[in-house]
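Novice: Take this structure, written in structure tokens, and hold onto it; I'll ask about it next.
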Amino acid sequence: MKVLVAGGAGFIGANFVRYLIRSRPDIDVVVLDKLGYAGNPESLAGLDRVQLVVGRIEDRDVVFPLVEQCDIVVNFAAESHNDRSLNDPAPFIYGNIVGCYVLLEAARTYGIRFHHVSTDEVYGSLTIGENRRFQPDDAYRPSSPYSASKAACDHLVRAWVRSFGVAATISVCSNNYGPYQHVEKFIPRTVTNLIDGIRPRVYGSGAQVRDWIHVQDHVQALCEIVERGRIGQTYLIGVDGELSNLQVARMILEEFGHDPDDIDYVADRPGHDQRYAIDNSLLVSELGWTPLYTDFRAGLRETIAWYRDHEDWWRPQKEATEAAYYRHGH
Ligand code: NAD
Ligand code: DAU
């Protein structure tokens, strides 16, 4: 069996490919990735049975022949950072949405199974303190150009299932952390800043809540959904990992042996979503999924150790990433 992994050189995609190669000896993988700033072939280093094709998902001439030779497509490919989408929405619209459309058309043409990796941000913001979590059928209320582009993709997938009979599933996951995450994202940014002697930057008051999941749990859930999920169904993936940004920053500071209040508060993100929270009941009851990383602090400690041990992987991105943050007041 051959799996086409679009965006497989990014954070979650690379972890997915690594897990597939480790756990499914009968599977070959083709990665299609534009190798943008967040795509790194080093994240796939040392893997057998993986072919990397450099190209864009919105390019039909690249996508169609690849889809034709594969048995299933899993789509991770997207510009994925909210802050970047606020500074320049264009690649989010042209890459994420048009790219998803082209992949769906290829899947329709060749009758190939399709899985789309989405985000809890499509549902917008919950209120801090409210006793409610996202449900699969909640209304879509995206806040940023990034989350709006992801919402658009989900709508396309659902339309292609209903109108054209494409065999597709969608998964909606909360905030991931773990190895191979780009240093622009909150946890790796904070960890690598501390390695460099820079204080954590927290947006606004830091009260915003994210529902953290280790990337390993995400990719295992994805395998269950791809193998046994119901066509047309949206599955929510999360592990009850709600923490405020301030709590996370303090934990990281403690792991470095620093004063937990050693934080710089910087300008807030425009339109900043206050809280995300996932109800994973469907995934657990229907597919029997159980997460491994239920202890956030233990997963965080392991992740910090990974960044300490893999400076060669993240260092080339660090200076330019921080320079861009400084230019935008973060
Ligand atoms: P990432 O930015 O680390 O990786 C994205 C990868 O896609 C990169 O390798 C990039 O080069 C590639 N890519 C982007 N646009 C492309 C295009 N048009 N054509 C070909 N390749 C392209 O992102 P990530 O954190 O690994 O996220 C992967 C997917 O999971 C995204 O779709 C994201 O929306 C979704 N997601 C992420 C999280 C999270 O916490 N990181 C949570 C839920 C869902
Ligand atoms: O919920 C899933 C989403 O999680 C994914 O769809 C996105 O691709 C992924 O980037 C992530 O989005 P967030 O915007 O939540 O992640 P980010 O790491 O950018 O920020 C996490 C929180 O931390 C957010 O409330 C903003 C805040 N933050 C971020 C940075 C980089 C800070 O306070 N300081 C920072 O330096």
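Novice: Just to be sure I understand, how many residues within the stretch 175-217 are under 18 Å from A38 (Cβ atoms), within 11 Å of ligand 2 (Cβ to nearest atom) and either at pLDDT below 95 or in contact with a strand residue (DSSP E or B) (Cβ under 7 Å, 6 or more places away or on another chain) (or both)?
Specialist: 4
Novice: List the residue pairs whose Cβ atoms are under 9 Å apart, where the first residue sits in the stretch 131-152 and is touching a residue at least 12 places away in the same chain (Cβ under 8 Å) and within 14 Å of L236 (Cα to Cα), the second is of a type in the set (K, R) and surrounded by fewer than 22 Cβ atoms within 10 Å (Cβ to Cβ), and the two are 6 or more positions apart or on different chains.
Specialist: Listed by first residue and then by second, the contacts come to nothing, as the list is empty.
Novice: Here is a further query. Picking from R189, R201, which residue would you name as being more than 28 Å from N75 (Cα to Cα), charged (D, E, K, R) and crowded, with 16+ Cβ neighbours inside 10 Å? Full working, then the answer.
Specialist: Values: R189 fails: more than 28 Å from N75 (Cα to Cα).
Unique residue meeting the criteria: R201.
Novice: Identify, by number, the condition in (1) surrounded by fewer than 21 Cβ atoms within 10 Å (Cβ to Cβ); (2) touching a strand residue (DSSP E or B) at 6+ places or on another chain (Cβ under 9 Å); (3) among the acidic types (D, E) that E227 doesn't meet.
Specialist: Failed condition: (2).
Novice: Shifting gears a bit: What single numbered condition from (1) under 17 Å from the mean Cα position of the chain (by Cα); (2) in a loop (DSSP other than H, G, I, E, B) fails to hold for Q220?
Specialist: Tallying (1) under 17 Å from the mean Cα position of the chain (by Cα); (2) in a loop (DSSP other than H, G, I, E, B), Q220 fails exactly one: (2).
Novice: For the stretch 239-274, which positions are of a type in the set (F, W, Y) and more than 10 Å from ligand 2 (Cβ to nearest atom)? Let's see the steps before the verdict.
Specialist: Step one: filter the stretch 239-274 for residues of a type in the set (F, W, Y), giving 256, 265.
Within the stretch 239-274, just F256 meets the criteria.
Novice: Hand me the list of strands (runs of 3 or more DSSP E) wholly inside the stretch 19-124 holding 1 or more residues that are within 27 Å of G178 (Cβ to Cβ) and of a type in the set (D, E, K, R). Spell out how you get there, then give the answer.
Specialist: Details: elements: 28-33, 50-54, 72-75, 113-119.
Hits in the stretch 19-124: 28-33, 113-119.
Novice: Is it the case that the stretch 130-139 has a residue that's within 11 Å of ligand 2 (Cβ to nearest atom), polar (S, T, N, Q), assigned to a loop (DSSP other than H, G, I, E, B) and modelled with pLDDT of 95 or more?
Specialist: Within the stretch 130-139, the subset within 11 Å of ligand 2 (Cβ to nearest atom) is 134.
Going one step further and asking which of them are polar (S, T, N, Q), we end up with none.
For the stretch 130-139, residues within 11 Å of ligand 2 (Cβ to nearest atom), polar (S, T, N, Q), assigned to a loop (DSSP other than H, G, I, E, B) and modelled with pLDDT of 95 or more: absent.
Novice: Anything in the stretch 263-293 that is of a type in the set (A, V, I, L, M, F, W, C) and surrounded by 13 or more Cβ atoms within 10 Å (Cβ to Cβ)? List them, or say none.
Specialist: Taking the stretch 263-293 and keeping what is of a type in the set (A, V, I, L, M, F, W, C), we get 263, 266-267, 277-278, 282-284, 287, 289, 292.
Of everything in the stretch 263-293, those that are of a type in the set (A, V, I, L, M, F, W, C) and surrounded by 13 or more Cβ atoms within 10 Å (Cβ to Cβ) turn out to be I263, V266, A277, I278, L282, L283, V284, L287, W289.
Novice: Would you check if there is a residue in the stretch 79-101 being closer than 20 Å to V226 by Cβ and either surrounded by fewer than 16 Cβ atoms within 10 Å (Cβ to Cβ) or among the acidic types (D, E) (or both)?
Specialist: no
Novice: Somewhere in the stretch 151-174, is a residue surrounded by fewer than 22 Cβ atoms within 10 Å (Cβ to Cβ), at pLDDT 95 or above and assigned to a strand (DSSP E or B)?
Specialist: no
Novice: Quick test for you: out of G39, G111, G10, pick the one residue that is within 16 Å of ligand 2 (Cβ to nearest atom) and out of contact with any helix residue (DSSP H, G or I) (no Cβ under 8 Å at 6 or more places or on another chain).
Specialist: Values: G111 fails: within 16 Å of ligand 2 (Cβ to nearest atom); G10 fails: out of contact with any helix residue (DSSP H, G or I) (no Cβ under 8 Å at 6 or more places or on another chain).
Only one candidate passes the filter, namely G39.
Novice: Identify, by number, the condition in (1) assigned to a helix (DSSP H, G or I); (2) away from ligand 1 (no atom under 11 Å from the Cβ); (3) of a type in the set (G, A, S) that S143 doesn't meet.
Specialist: S143 satisfies all of (1) assigned to a helix (DSSP H, G or I); (2) away from ligand 1 (no atom under 11 Å from the Cβ); (3) of a type in the set (G, A, S) except (1).
The values are calculated or read from the model by the stated rules, or taken from the named source; none is laboratory data. Owing to the predicted nature of the structure, the values given are computational and were not obtained by experimental measurement. Here the Cβ is made from the backbone with ideal geometry for all residues, glycine too, and neighbour counts use every protein chain on show.
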